[in-house]
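Accompanying notes for the structure given below.
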Amino acid sequence: MPRQGLCRERVVEAAMALIEERGAERFSMGGLAKRLCVKPASLYNHVENLDALLEAVGFQAIARLARAEEQAIAGREGDAALFALAEAYRAFAREHNALYRVIMGFPRWNKALEEGAGAILRPIGRVLSGYGLTKVQTAHWQRVLRGVMYGFAAHEWAGGFSHEAVDENESYRIAIQCVADGLHSAGEEQHG
């Protein structure tokens, strides 16, 4: 019988908090059970197994990142939306690094999460739609933008920028400006 007050949502939220504290690589069902003051077997009344729990965590992390992107671009367009989106993405990757790594670490065989990740792409698509690109150009540029944002976040997390006493925020601004310049150029080629 499931413990009073314990439900799937509470288990997932506790798992997210534990992952944020310790990282996904140090997460275990035993640690989660201890956090919730239950026996590990009790967790299986609410989640099928560890993979199912991590999938639920992944969906929640995707929803949080997508919500941050949506809030950032609300009422903005063009370069203002692009920079706001890029900053929201980076902020999420920094502030919720363990959850961000859960999203980025899921194997491609997890079709449900792969489809769910479309929520992260929709705001990016809306921002790019303002640059007058073709469908093919939009596909290329969303990859470029995601690659820049992901690459920067990965290097920051790994300490890859620590050897230079140069402002990382300015480096990121320059990287996104390069994307903006490329978007303007691609849009002009289409209409010029």
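Per residue of the stretch 56-61, in order, report the coupling 6.51 cos²θ - 1.76 cosθ + 1.60 (Karplus, θ = phi - 60°) as ³J(HN,Hα) in whole Hz, putting x for Gly and Pro.
4, 4, x, 4, 5, 5
For the chain, modelled as a Gaussian network with Cα springs under 10 Å, which listed residue fluctuates most, ARG26, ARG64, ARG143?
For the chain, modelled as a Gaussian network with Cα springs under 10 Å, the answer is ARG26.
Which length gain, in nm to one decimal place, applies between GLN142 and LYS34 when the Cα-Cα distance is subtracted from 0.36 nm times their residue separation?
34.7 nm
Tell me which lysines have Cα within less than 23 Å of LYS135's Cα, excluding those fewer than 8 residues away on the same chain?
none
For the stretch 1-108, go through all pairs of different Cα atoms, get the mean of 1/r, take its inverse, and jot down that Kirkwood value in Å.
15.0
Across the chain, where is the longest run that never hits GluC sites (Glu not before Pro) in a DSSP loop with at most 11 other C-beta atoms within 10 Å?
49-163
Along Cα→Cβ, 7 Å out, is where each label goes; now give me the distance between the ones at LYS135 and ALA63 in nm to one decimal.
3.1
Out of the total accessible area of the stretch 1-122 (probe 1.4 Å, heavy atoms of protein only), what percent is carbon and sulfur?
Taking all protein chains in place, the stretch 1-122 shows 52 percent carbon and sulfur surface.
Consider just the alpha-carbon atoms of the chain and return their Rg together with their Dmax, both in angstrom.
Calculated on Cα positions, Rg and Dmax stand at 19.4, 68 Å.
Under a 1.4 Å probe, what is the accessible area of the stretch 1-103 per residue, stated in Å²? Intermediate results must be reported in sequence, preceding the final value.
On the way: 5310 Å² over 103 residues.
On a per-residue basis, 52 Å².
What is the Cα radius of gyration of the stretch 84-192 over 2.2 N^0.38 Å, N being its residue count?
So the stretch 84-192 has a normalised radius of gyration of 1.16.
The values are calculated or read from the model by the stated rules, or taken from the named source; none is laboratory data. Keep in mind it's a predicted model, so treat the numbers as computed, not measured. Every residue, glycine among them, receives a Cβ derived from its backbone with ideal geometry; neighbour counts consider all protein chains shown. Only protein heavy atoms, including side chains, enter the accessible area calculation; ligands, DNA and RNA are left aside. Shrake-Rupley method; radii C 1.70, N 1.55, O 1.52, S 1.80 Å.
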